[in-house]
Amino acid sequence: MPLFDTHIVVDWSARSKPSPARPNRDSIWWAVVRNGSALEPQYLRTRHEAVESLAVFIAGELDAGRRVLAGFDFPFGYPAGVAERLTGQASAATVWNWLMTRIEDKPDNGNNRFAVAEAMNRRWPGVGPFWGRPPAWRYPQIPVRARDRTCREGHPPERRIADKRAMEAKTVWQLAYAGSVGSQVLVGLPALKRLLADPRIGGCGRVWPFDTGLRAPDTREAPLVLAEIYPSLLRKEVAACRGDGEVLDRAQVRVNAAAFARLDRRGGLTPLFEGACGLSVDERGLIEQEEAWILGLGHEDGIRDAARTDCDEQG
């Protein structure tokens with residue numbers, strides 16, 4: 001029996017203005033596979049619109065008795081030590097709360113993420129750890145380039161345990177330029193807090209692995225599970241399955257949602273929630289408390305095979 005009935009994959013965005021009316025790259029997309037059937041991918045122009053539409057959709061799934069896995073393509077935690085420096089507690093949950101009280105994210109996507117990043121940089125000596133901004137933007141505590149950071153020995157780790165294993169993953173400290181995820185984390189974590197707190201969801205959601213540990217969640221207790229994903233694990237499969245003229249982000253959410261759903265129907269999703277083989281006890285503790293893990297990392301062969309099978313059947 002599959003762990004979930006409905007599989008959602010979300011490609012997030014940190015745009016400071018609404019995305020174009022015409023579906024575009026580097027915007028918010030989400031795709032759904034319900035009981036093995038793919039729904040039409042959705043394109044959202046703002047984060048507020050995305051949270052609202054996701055809340056409505058997920059609430060409907062839960063009301064229908066369906067168990068939901070929702071994967072988001074940005075890190076759920078910072079490297080070990082960051083939480084305690086910011087909040088006094090070595091807990092990712094406290095960082096989510098800390099950001100929730102500081103990030104201002106308006107309905108038109110206007111936000112203060114660079115001001116918050118600058119305030120975070122002041123918690124460490126020198127300049128950094130955050131970097132990457134348009135040169136004309138006046139945030140002196142955020143250098144334009146990574147090499148302009150100073151007092152690096154006093155900064156937190158550059159990468160999480162998961163980022164070191166996902167070789168192409170960008171550091172959470174990069175706020176701008178190609179492939180960056182730092183800004184998505186700053187505006188994304190408060191958005192997830194709002195989603196989980198939505199009364200239509202009714203407290204049914206859990207965050208893997210912070211609320212569940214590195215193990216398959218009990219969906220009887222919590223029929224909604226949020227997980228961090230990394231769509232680039234299926235880079236080759238997405239390229240092979242992408243339609244002519246299809247926006248890359250649309251293809252990514254579509255192929256990843258189908259792969260997780262197919263693997264789940266095969267009974268192969270449970271091992272993904274256990275993390276990668278070879279993690280030490282200390283590493284598992286840091287992952288469960290502070291850093292999070294990428295669903296599928298360490299189990300690439302299984303999820304890639306599921307993606308290829310689905311693509312072959314479509315073709």
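Closer than 24 Å to W293 by Cα and either in contact (Cβ under 8 Å) with a residue 12 or more places away in the chain or open to solvent by less than 40 Å² (accessible area, probe 1.4 Å) (or both): is that true of Q141 in this structure? For Q141, the condition - closer than 24 Å to W293 by Cα and either in contact (Cβ under 8 Å) with a residue 12 or more places away in the chain or open to solvent by less than 40 Å² (accessible area, probe 1.4 Å) (or both) - is not met. Residues in the range 57-80 that are farther than 21 Å from Q174 by Cβ and either assigned to a loop (DSSP other than H, G, I, E, B) or free of Cβ contacts under 8 Å to residues at least 24 places away in the same chain (or both): G60, D63, A64, G65, R66, R67. Within the range 181-211, the residues that satisfy the criterion of being open to solvent by less than 10 Å² (accessible area, probe 1.4 Å) and in a loop (DSSP other than H, G, I, E, B) are I201, W208, P209. Residues in the range 60-93 that are over 18 Å from P129 (Cβ atoms), more than 20 Å from the chain's Cα centre (by Cα) and either of a type in the set (S, T, N, Q) or open to solvent by 10 Å² or more (accessible area, probe 1.4 Å) (or both): G60, L62, D63, A64, G65, R66, G88, Q89.
The set of residues in the range 94-131 being open to solvent by 60 Å² or more (accessible area, probe 1.4 Å) and under 23 Å from A292 (Cβ atoms) consists of N97, M100, T101, R102, R123. Among the candidates V68, V127, single out the residue that is over 20 Å from D26 (Cβ atoms) and in contact with a helix residue (DSSP H, G or I) (Cβ under 6 Å, 6 or more places away or on another chain). After ruling out the rest, the residue left standing is V68. As for the range 212-224, it holds no residue that is part of a helix (DSSP H, G or I), in contact with a Lys or Arg (Cβ under 8 Å, 6 or more places away or on another chain) and at pLDDT 95 or above. Condition test on A14, is it within 14 Å of D249 (Cβ to Cβ), of a type outside the set (D, E, K, R), within 17 Å of the chain's Cα centre (by Cα) and outside any helix (DSSP H, G or I)? Against the criterion (within 14 Å of D249 (Cβ to Cβ), of a type outside the set (D, E, K, R), within 17 Å of the chain's Cα centre (by Cα) and outside any helix (DSSP H, G or I)), A14 qualifies. Just one of the numbered conditions (1) within 24 Å of L186 (Cα to Cα); (2) free of Cβ contacts under 8 Å to residues at least 40 places away in the same chain; (3) of a type in the set (S, T, N, Q) is not true of S16: (2). Of the residues making up the range 144-158, just one is over 17 Å from E290 (Cβ atoms) and buried (at least 19 other Cβ atoms within 10 Å of the Cβ), namely R149.
Under the condition of being β-branched (V, I, T) and either outside any helix (DSSP H, G or I) or in contact with a Phe, Trp or Tyr (Cβ under 8 Å, 6 or more places away or on another chain) (or both), which residue from the range 33-56 is nearest to D218 (Cα to Cα)? Ranking the candidates gives V33 first. Looking across the range 159-180, the residues that are surrounded by 15 or more Cβ atoms within 10 Å (Cβ to Cβ) and within 23 Å of R284 (Cα to Cα) come down to R159, R160, I161, A162, D163, R165, A166, A169, K170, T171, V172, W173. Pairing residues of the range 177-189 that are farther than 20 Å from V207 by Cβ and at pLDDT 95 or above with residues that are assigned to a helix (DSSP H, G or I) and not hydroxyl-bearing (S, T, Y), at Cβ distances under 9 Å and at least 6 apart in sequence or on separate chains, gives S183/R113; S183/F114; S183/A117. Looking across P231, P223, one residue alone is farther than 22 Å from A64 by Cα, touching a strand residue (DSSP E or B) at 6+ places or on another chain (Cβ under 8 Å) and of a type outside the set (F, W, Y). It is P231.
Scanning the range 192-211 turns up at least one residue that is more than 21 Å from V95 (Cβ to Cβ) and touching a strand residue (DSSP E or B) at 6+ places or on another chain (Cβ under 6 Å).
Looking only at the range 81-129, which residues are among the hydrophobic types (A, V, I, L, M, F, W, C), in a helix (DSSP H, G or I) and more than 18 Å from S183 (Cα to Cα)?
Here is the first cut: in the range 81-129, the ones among the hydrophobic types (A, V, I, L, M, F, W, C) are 82-83, 86, 90, 92-93, 95-96, 98-100, 103, 114-117, 119-120, 124, 127.
If we keep only those that are in a helix (DSSP H, G or I) as well, we get 82-83, 86, 92-93, 95-96, 98-100, 114-117, 119-120.
A93 - this is the single residue of the range 81-129 that is among the hydrophobic types (A, V, I, L, M, F, W, C), in a helix (DSSP H, G or I) and more than 18 Å from S183 (Cα to Cα).
The values are calculated or read from the model by the stated rules, or taken from the named source; none is laboratory data. All values derive from a computational prediction rather than experimental measurement. Methodologically, a virtual Cβ is constructed for each residue, glycine included, from the backbone with ideal geometry; neighbour enumeration extends over all protein chains shown. For accessibility, only protein heavy atoms count, side chains too; no ligands or nucleic acids. Shrake-Rupley method; radii C 1.70, N 1.55, O 1.52, S 1.80 Å.
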